[in-house]
Structures are given as structure tokens and as C-alpha cells.
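Please see the structure below; I have some questions.
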Amino acid sequence: MKVSPSIKAFDAATPAAAAQRRPSALARKLRKWRGLLLVVVLPTALAIGYFTAVAANQYASEARFFVRGPSSGNNNSMGALGAMLGGAGFKAVPEDSMAVREFLQSQDLVRELRKSVDLVSIWRRPEADLFARLWLSEPSAEMLTRYYRRMVVAEFDSESSTVSLLVRTFRPEDSKLLAEALLRASENLVNRISDRQRGDAVGNARREVEIAERRVIASREALTSFRQQGRAIDPTREIAASLESVGRLEDALSQTRAELQEKLAYMRADNPQMAVLRNRIASLDTQIRAERERLTNGRGAAPEVLAGYERLMLEREFADRQLASAVTSLETARADEARQHLYVARITEPQEAESAQYPKATFTIVSLFAVLLVVYGIGSLIFAGFREHAS
Amino acid sequence: MSDASSLPNLPARRARRHWIIEGAAIQWRVISALIMREMQTRFGRHNLGFLWLFLEPLVLGTVLGLMHSTHGRSMPGGVDPFLFSIVGYVPFFMFRSVVNRSGTALHSNLTLLFHRQVTPVDVLVSRNLLEAAAVFGVILLVLGVAIWWAGVWPADVSEIFFAMLLMFFLCHGVSMILAAGVANWEGLERLIHPVTYLSMPLSGAFFALAWLPPELREVLLWNPLVHLHEMIREGMFGHAFPSYYDVGYVVRSILIVNLLGLAYLRGARRKLEIF
């Protein structure tokens, strides 16, 4: 006459007929185990019923990616305790992947996604069961985000520093579509970050180069117009040439003077040769004076021309140097940009599920049963304590 | 309480009420009476015990904080080292003080257990409630001072309280198991103190899991205490560094530990009644 408690659940269905024969024994047993039946067996049976009869298939689509970028320096400050704990290897947290993961869980993304994908109808397909589907037909962004976080799981795996994305919907093609859209959204995010990060450096360098180029051109033009106006290709050399000619004239003058002195020693002053020499001296003198006049006074005088010319030459030199340095910095900026380029590297592409992997019926039922059993155990012990006190 | 005056009424009331309500009410009365009694034995005689309750976390936190500061390197996430040590030690302090006192709980109340309505569970519940309340007061004070001193406001106070509540239930379960274990084998009591001391580095009190390599982190996360410490740190410092915890896991371990504790204590009762 031993009825083990484990078959109570099935006995409970057929007692009506048997109740006539031995009502007291069975009823007593039922009464004795009613706590267990109510707390453990009934919810588990309901869960089994739900998962076998009601629950709609959910199809998962999984994608995995990581964000590639410049190595963000793994000399993170690691704290004194790290050293104390034996200097275990500390990994730098790849912030960009983390950022993408945060983004994938954000309301911002849900709002953005809603523009391109009809999220509400995807999660309100007719085949969806009452418990798993999205309840509201016009959900607010917050409600939709809450539901979204239930159905879309983005996890950051710090070991491989990848982000894994798991999308569940009621049709395989919906899952794939949604996963693709999410990947695209995260790619857009990464591109935005990346553009903002590098756009400035190169743009600045390019602007710098433009300024330098304009300066170089302006300096060349100024030089050309100076040459045209001054009718001189190279004033420095011209001035040198005229200085030389003045020197030669002075040489000739002093020579002629010396000759005159020499001839004065044995000739009469009114000798015609003396007159010739005097004439030459006078003409040389005036010539020298005229030359000097031309070099130092008036428009196109040597100092001014020279100063202007030298200024222009200096300007040209500076402009050349500025251009050279601007070009170098543009090149380094370009190289940096190439290194700082962030992009989403897909490891696994989202696929269309061939069979429904969700909901996880067995796991859920078994864990529910186990938890309820433990709760029942604690509850019955506590109630036994109450009974003991009351007695 | 007016025990003498309410005694004549008791049978009449018992007849009217369901045994669950009646039993719960009686158990509650037993527990509150035990708390009053415990309060006398714990803090009544000499106040040094009470003072020590305050001093211990302060001294340990200060020493550790100083160690960190003199080490020169700053903590990751720009966290104040003194506050970090205090926040780490203080919850562990609750665990230690509750668990350490569980070994002697039954033995020192053995005479009371001769009364039919005093059960070992009552003794442990009252003892742990009192201890937790005292420790909680100390924690509030110490944390308050530390927060005022460091000038950092906790990110989420409710999370800290929730973690402390979970910590209490966990400690309660563990203390029940240990009390029953001591009743079965007295040598266990000698082991409780050293083991709680040695478990300090494994409890996640003085380091954040974010600093550790993932393999080590996985191993440490088997310990529910580590989850609770991570939770409290998150409640204190927000997201200065990533926190790793799973409330579901903690709740499950609390359930299991409490079930084992209640059942074991029930079984250990027979051993006790021999004395």
C-alpha cells in the first residue's frame, strides 16, 4: 500500500473514479503533499504544458565581430594590488568594442533601427505566442527597448575581445534581417567615430599646405613684378657691375692724375698735352660723380632696390620652407590616419536558422523545477518550525 | 513585554487562529525575546566589545588604504584607495562576524533549548539578526565617515543595501550549516576562524575583478561572496571599472545554503538533546 510521492501528479488526474472506493487514503495523501503539488508540481506542469503546446518557435541568428583599430596602448595603469597579486597579466580593455556593445543595447539604436526595420511587426507575427510576443501594438520607445533587450543579446567577450550578437525572432529570415541591420548600425557607429577621430588632423594639415602654397605663389609673383618694374633681373649683380665700373673709372682718374703730376715736372703748364690730360681728368671726375649719383640718389637707387629685392628673396625662402614643412606634416597625418582607421571586422555573418533553438524548454523546465524544489524545501522547513511553535 | 498579563488569553487566541499565524507569531515572540537576551550577553557586560566592532574595520581599512597610497600608484578608474579598502572590507566584515559567532551559538544557548518553543533556528536567527544589525550600524557609520572624508558620493545607494541584504541571507545560511556542523563535530569550531581569515583574499574584498585575467575571474566567480563584493563596489563607484556579478547566481546559492542549513540544523537537533 505504498504510493510513492513521485507519481502523485499522474494520480491526481484519475482520482475521481478511485475516490469512491478508497477516498480517505488518497485524499489524505493528497492533503499531505498538497504543498509540494501546489508549489512544485503544478508550476512545473504548467511550464511543460506551455512549452509543449503553446510556445512558438524562436529562431536565432548569431553574428560575431570585433572592432579593429590602432592598438590603444596596453600600458594601462594597473594598480598596486595587481602587483601584489603576483602581477597577473592585465589585458587592456578594448574600449571601442565595449562602446559598440553599449550602443547595441541602447535606446538610441532602437529608435534609429525603427526607421529602417519594422521592429514591432517582426515581434508581433501571428505565429508568436501570447507570452513571448510584444504585447503592445504601438509601444513607446522605452517599452520597445525593454523588449528589444530581452530578444537581442549583445555580449562583449573580454577574452577574445569580440562582440557577439544574438537575435531572436519568430521567423528565421526576420532574425537574419535584424542581425544584418544591427551589424550595419554598428558599422555606421564605428565609421562615425573613426571619421571624427581622423578627419580633423588631415583636414588641418591640408589647409596648412594650401596656405603655404598660396604664400609661395604670392612671393614668386611679387618677385616677378619687381623684376619687371625695376627692369632688372638681378639688382645685386647689376649694382655690383656699376660699382665695378665706378672703380675702374676711379682707377683711370688716379692714373691720369699721376700722369699729369709726372708731366708737370718737365713740361710747361700750357703744353697742349697737359690740356688733354686736364680735360680727361675733368671728364672722368664728372663721370664718376654721375655714376655715384645714379647709384645712391633718386628713384631706383641702389640701396632701396637692394632692400626691396632682399626682402622679396627672404619672403620666397620662408614660403618655400613653410610649404615643405606643411607637406611633411600632411604626410604624417595621412600615415596616422591609415593607422587610426577603425572598422568592424565580421567574424561570423548572421545566418538563417534552419531549426528553432529557442525557447530552451528542457533547461528552463529543469531549472524551474530545481529552484521550486529548493524553495519548497525551505518553505516546508520554515512552516514546520511554525507548527512546532504553535503546538 | 506584558507576558504575565497576556498569558491567560493565549489559549483562547490559539483556538481562533490558524496554526500558521499562531506559530509565526510565537516564533517571532521567541526570537525577539532571544534578541533581547543576546543583546545583554553581547554588549551588556563590557563596552569594549562594542567599541572593537567599530575599530576593527576602521583600522584594517586605514592600514590597507595607507598601503595603497604609499605604493604610489593610483587605483584604476581614479578611485580613492582608502575608500576602496573600506568598501571592500566592510561587507566582508559582516560575513566574518556573523559566521564566526555561529560556532558557539548553540552551545552558549544550550540551556534555553530545553524549552519546547525555543529551537536552534530561533537561536541562530536572533543571533544573526542582532549581529547583522550591529554590523550594519557600524557599516553605515564607517562608510558615512569614509564618504565624507573622501568626498565621493555613492553611485547607487539602493544597490549597496540590496547587496548587504543578500549578504545577510547568505551569511545566515552558512552560519546555520556551521552551527549544525559544530553540534555534530566539535572540532569544526576551531576551524571556522582560520578558514574565514584565509578566505579573505578569495572573497574579492580587496581587488576588483576587472583587474584580473579572465581565467582567474571565472574561478573566483564561483564564490558568491565575490559577486556581492562586486555589486557593492558598483553601487559605490558606479562604472569607474567594469563589475562582474550575477544576482541570480547569488540568490540561487542563498536558497541552497539556507535549505541545507535548515535541514542540517533540524537533523542536528537530536544530537543536541543528548546533552
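Every number in this text was worked out from the coordinates using simple rules, so none of it is lab data. Predicted model, so just to flag it, every value in this text is computed and none were measured. Glycine gets a Cβ as well: all are built from the backbone with ideal geometry, and neighbour counts include every protein chain shown.
Cα to Cα, under 14 Å, and not fewer than 8 places away if on the same chain: which aspartates and glutamates meet these conditions relative to residue B:271?
Answer for residue B:271, where 14 Å is the Cα cut-off: B:186, listed by chain and number.
Still on this structure: Describe numerically, in nm with one decimal, the distance between label points set 7 Å from Cα along Cα→Cβ at residue A:355 and at residue B:186.
The two pseudo-label positions are separated by 6.2 nm.
Per-residue HN-Hα couplings for region B:169-176, Karplus 6.51 cos²θ - 1.76 cosθ + 1.60 at θ = phi - 60°, whole Hz, x for Gly and Pro?
Residue by residue, region B:169-176 yields 5, 4, 4, 4, x, 4, 5, 5 Hz.
Still on this structure, I have one more. Using amide H atoms built 1.01 Å from N in the peptide plane, name the residues 5+ places from residue A:60, or on other chains, whose amide H lies under 5 Å from its own.
For residue A:60, whose amide H was placed from the backbone, the distant partners under 5 Å are A:357, A:358.
Here's something else I'd like to know. What percent do you get for the relative contact order of region B:46-274 when only Cα pairs under 8 Å and 6+ apart count?
About 28 percent, as a whole number.
Separate question: Counting only C-alpha contacts under 8 Å and six or more residues apart, can you give the relative contact order of region A:203-337 as a whole percent?
50
Determine the shape class of region A:203-337: with a ≥ b ≥ c the square roots of the Cα gyration tensor eigenvalues, call it rounded for a/c under 1.5, and otherwise prolate if a/b is greater than b/c, oblate otherwise.
Prolate shape, in that a/c is at least 1.5 and a/b is the bigger ratio.
Run the reach check for residue A:360 against aspartates and glutamates, Cα to Cα strictly under 17 Å, same-chain hits fewer than 8 apart removed. What comes back?
Counting by Cα, and skipping residues close in sequence, residue A:360 has these aspartates and glutamates nearby: A:62, A:129.
Between residue A:263 and residue A:222, 0.36 nm times their residue separation minus their Cα-Cα distance comes to what?
9.2 nm
Ordered by residue, what ³J(HN,Hα) values in Hz, to whole numbers, does region A:211-218 give under the Karplus form 6.51 cos²θ - 1.76 cosθ + 1.60, where θ = phi - 60° and Gly and Pro are x?
Ordered by residue, 3J(HN,Hα) equals 4, 5, 4, 4, 5, 4, 4, 4 Hz.
Return the aspartates and glutamates within reach of residue A:32: Cα separation strictly under 16 angstrom, same-chain partners fewer than 8 residues apart disregarded; answer none if there are no such residues.
Result set, ordered by chain and number: A:11.
Please give me the summed charge of the neighbours of residue A:51: other residues whose Cβ is under 14 Å from its Cβ, Lys and Arg +1, Asp and Glu -1.
My count for the surroundings of residue A:51 gives 0.
In sequence order, what are the phi-derived ³J(HN,Hα) couplings for region B:226-233 according to the Karplus relation 6.51 cos²θ - 1.76 cosθ + 1.60 with θ = phi - 60°, rounded to whole Hz, with x for glycine and proline?
In residue order, the calculated couplings are 5, 4, 5, 5, 4, 4, 5, 4 Hz.
Within region A:236-272, list the residues whose amide N lies under 19 Å from a label point set 7 Å along Cα→Cβ of residue A:278.
The answer is A:253-272, whose backbone nitrogens lie closer than 19 Å to the label point.
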